[in-house]
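Q: This is the structure, below, for whatever I ask next.
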Amino acid sequence: MTLILASTSKTRQTLLANAGLTVEAINSHVDETSIKVAMGHETPQAVCEALASAKALAVSRRNPGAVVIGADQVLAFRNRIFDKPRDMAEARSHLETLRGHAHNLISAVACASNHEIIWAFAGIATLHLRSFSEEFLQDYLASEGQGLLSSVGGYKLEGRGIQLFERIEGDYFTILGLPMLPLLSFLRAQKAVPQ
């Protein structure tokens, strides 16, 4: 069975490869902004699920017979969705807003085949930022630099960003952007991976 990841995310590709899956990565070219605008009244989880499904369906349409994995992640704080920061000033603003508070990372995954969603799941993790000092924030932004612009919230837990937190509740793979255990369970049921 052909498996396709409807994304060029290096993190998601690595997670799937490390789990022993052979997948082809294809950019979905989905206009995420228009979906978010159209769903402005919906919950962050509904938006995340819609984005994952839209990506899977877009690539499935061009690849009949394959199982296409679409995924998306949003950061939700007080029912507001945070996108990846556009620049370092916005990364600082995001971290200042989140400092001392809890927020949710929602990661949705959807599988499509023959242009139909055949399975979907959304995982939620709650992350509690500590009340870090201005000095720490300044040093963190300077040391991490432009790499922060590729992650919602302006942090990467797998690096120095872990120092921003006092507590994390939830699945590690959900935090990285792809709920692997539910996905692998589905793929085994489909006989797309060994039992």
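Q: Only loop residues by DSSP count here, and only those with at most 16 other Cβ atoms within 10 Å; note down the trypsin sites (Lys or Arg not before Pro) in the stretch 58-106 that meet that. If you can, show how the numbers build up before the last one.
A: Numbers: sites: 61, 62, 78, 80, 86, 92, 99; in loops: 78, 86, 99.
Listed in order of number, the matching sites are 78, 86, 99.
Q: Quick one: dipole size for the stretch 62-172, taken about the Cα centre, charges +1 on Lys/Arg Cβ and -1 on Asp/Glu Cβ, in debye to the nearest 20.
A: Numbers: 11 positive and 14 negative charges, 36 e Å.
The calculated dipole for the stretch 62-172 is roughly 180 debye.
Q: What's the center-to-center distance, using Cα atoms, between the stretch 103-168 and the stretch 34-74 in Å?
A: Comparing the Cα centres of the stretch 103-168 and the stretch 34-74, I get a distance of 19 Å.
Q: Students often forget the sequence filter, so: which aspartates and glutamates lie under 15 Å Cα-Cα from residue 55 once same-chain residues fewer than 8 apart are removed?
A: 24, 31, 32, 72, 116
Q: If you don't mind, another one. If you fit an axis through the alpha-carbon atoms of helix 180-189 and take the longest principal axis of the Cα set of the chain, what angle between them do you get, 0 to 90°, nearest 10?
A: For 180-189 against the chain, the angle is about 10 degrees.
Q: Assuming 1.002 mPa s and 20 °C, estimate D for the stretch 51-195 with Stokes-Einstein, Rh taken as the Kirkwood radius over Cα pairs, in µm²/s. Write down the numbers at each step before the final one.
A: Numbers: Rh = 16.4 Å.
In µm²/s, the coefficient is 130.
Q: Expressed in nm to one decimal, what extension gain is obtained for the pair residue 136 and residue 10 from 0.36 nm per residue of sequence separation less their Cα-Cα distance?
A: Numbers: separation 126, 0.36 × 126 = 45.36 nm, distance 2.86 nm.
Between residue 136 and residue 10, full extension yields 42.5 nm more.
Q: Looking at the stretch 1-106, what % of the alpha carbon pairs are farther apart than 25 Å? Spell out each step's value before the answer.
A: Working: 1707 of 5565 pairs.
Of the Cα pairs, 31 percent sit more than 25 Å apart.
Q: What is the packing order of peptides 175-183, 50-58, 120-128, taking the mean over residues of other C-beta atoms within 10 Å and listing the highest first?
A: Details: 175-183: 20.9, 50-58: 24.2, 120-128: 18.6.
Order by mean packing, descending: 50-58, 175-183, 120-128.
Q: Here's a follow-up. In percent, how large is the relative contact order of the chain, given Cα pairs closer than 8 Å and 6 or more residues apart? Please list the in-between numbers first.
A: Numbers: 376 pairs, mean separation 41.6, N = 195.
Across the chain, relative contact order equals 21 percent.
Q: While we're here: Please enumerate, by chain and number, the lysines with C-alpha under 23 Å from the C-alpha of residue 156, excluding those fewer than 8 residues away in the same chain.
A: 10, 84
Q: Helix 88-98 sits at what angle to the longest principal axis of the chain, using alpha carbons and giving 0 to 90 degrees rounded to 10?
A: Once rounded, one gets 90 degrees.
Q: Report the relative contact order of the stretch 59-167, percent, no decimals, based on alpha-carbon pairs under 8 angstrom and at least 6 residues apart. Could you put the intermediate results ahead of the total?
A: On the way: 184 pairs, mean separation 34.8, N = 109.
That works out to 32 percent.
Each value in this text was obtained by applying a stated rule to the coordinates, not by laboratory testing. Please read these numbers as outputs of a predicted model, since none were measured by experiment. Using ideal geometry, Cβ is built from the backbone for each residue, glycine included, and neighbour counts are taken over all protein chains shown.
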